[in-house]
């Protein structure tokens, strides 16, 4: 078939679909990329190409094209970041991180029209190899050129710039970054240095789950339950998946593994455990699980209704600070509500902690507490692998961490965040 001198293949659409699917499958890429606007853009441009086009070499992609894209995105983010910056100012914030043993310092900026503009990810390896430290002077040395670069950006056709536009600096509570903020303030008296709300709340949760025995006990038990029903214990995990789908409209919702790089990870794991109550109880009362004759102390606790009431009361006690954390880490500007949320937390926290103290003794029997503390894995399970590397991802990818504490029937270090 010919149309305007070009050959038309009636099977071209099907062949293209197969080629896209094969590319995604072969490279283990997310299926959602098939609907990505950038892929659609590639196909749109490809229609205009002649038959002699060849894709660029990988060195070219990692070289000049990477540099060109960086320059383009930097220009675009500066445009939104500096929009109305003269009126409202800008905020600089950052933190240390260790990814695959590489020491890094992340620096970002925020304005009313761009809440998270990435300025730099500084590799500190060479500095540390020479005997240096990630101290206040070094961190300030990383931030200072970035501040000058932002202030030298041209805002409009008149060539106007915005010196002193950065008037707020947020770091966590570590002394080195707070002192770095003070160094920046000394060079620009408009700057105010503060503690980042998200990290402060994260440290609060870290203290709770390392210093309060009741929360430690619950967190340790939740990890045991996850290892049995959501990790490498093959038979219980397979049974739980079946009942999780049955109780969640066909969607598997699994456990959440606490991580040092996830703020309030221990508490989020407890909220997810509470949400999985019905699926867990259906699993442990099923015939196929009872026939295994294993994990008796764990199932004793999970079958106890008072345990779930206690878990709900404990989760509800920290509902208010969890709302503060969610306010801080959402991807839109909402910090104008911070004072109100903190005031509500000051009001609600003593109330619900008092409720915990009043009901803990009546809800938790000595037998249940002893079972939680002494629960271990039975040796008779015929699983080949005892390591804890099971997947904790959900098919729907959602947390729903807070909604579970509204009703009992609802179905880091200071310096670096370590990511292995």
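Results, tabulated for the structure shown:
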| item | result |
| --- | --- |
| Cβ-based exposure ranking for 23, 204, in which fewest neighbours within 10 Å come first | 23, 204 |
| Relative contact order %, the stretch 71-174, counting alpha carbon pairs below 8 Å whose residues are six or more apart | 29 |
| Alpha carbon centroid spacing (whole Å) that separates the stretch 104-136 from the stretch 237-283 | 36 |
| Globularity index of the stretch 64-195, i.e. its alpha-carbon radius of gyration over 2.2 N^0.38 Å | 1.08 |
| Order by protection proxy (mean Cβ within 10 Å, highest first), peptides 38-50, 287-299, 308-320 | 308-320, 287-299, 38-50 |
| FRET E, pair residue 189, residue 216, Förster distance 45 Å, beta-carbon r, rounded to 0.05 | 0.50 |
| Of all DSSP beta bridges in the chain, antiparallel share, percent nearest 5 | 60 |
| Which of 355, 59 has the fewest Cβ neighbours within 10 Å, and the rest in rising order | 59, 355 |
| Computed helical MRE - 222 nm, the chain, DSSP H runs ≥ 4 contributing -39500 (n - 2.57), nearest 500 | -15500 deg cm²/dmol |
| Label-point separation, residue 77 to residue 246 (7 Å along Cα→Cβ), nm | 4.8 |
| Gyration tensor (Cα) of the stretch 2-99, equivalent ellipsoid semi-axes in angstrom | 38, 19, 16 |
| Relative packing of peptides 275-281, 180-186 - highest average C-beta neighbours within 10 Å first | 275-281, 180-186 |
| For the stretch 10-149: relative contact order, % (alpha-carbon pairs under 8 angstrom, 6 or more apart) | 13 |
| Within the stretch 99-217, percent of DSSP bridges classed antiparallel, to nearest 5 | 65 |
| Stokes-Einstein D (µm²/s) once Rh is taken as the Kirkwood radius of the stretch 2-54 over alpha-carbon pairs, at 25 °C in 0.890 mPa s | 191 |
| Among [x] 21.9, 74; [y] 26.8, 85; [z] 26.3, 81, the entry derived from the coordinates for Rg and Dmax of the Cα atoms in Å | [y] |
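Bear in mind that the values in this text are calculations on the coordinates, not laboratory data. Note that the coordinates shown come from a computational prediction; the quantities given were computed from them, not determined experimentally. Glycine gets a Cβ as well: all are built from the backbone with ideal geometry, and neighbour counts include every protein chain shown.
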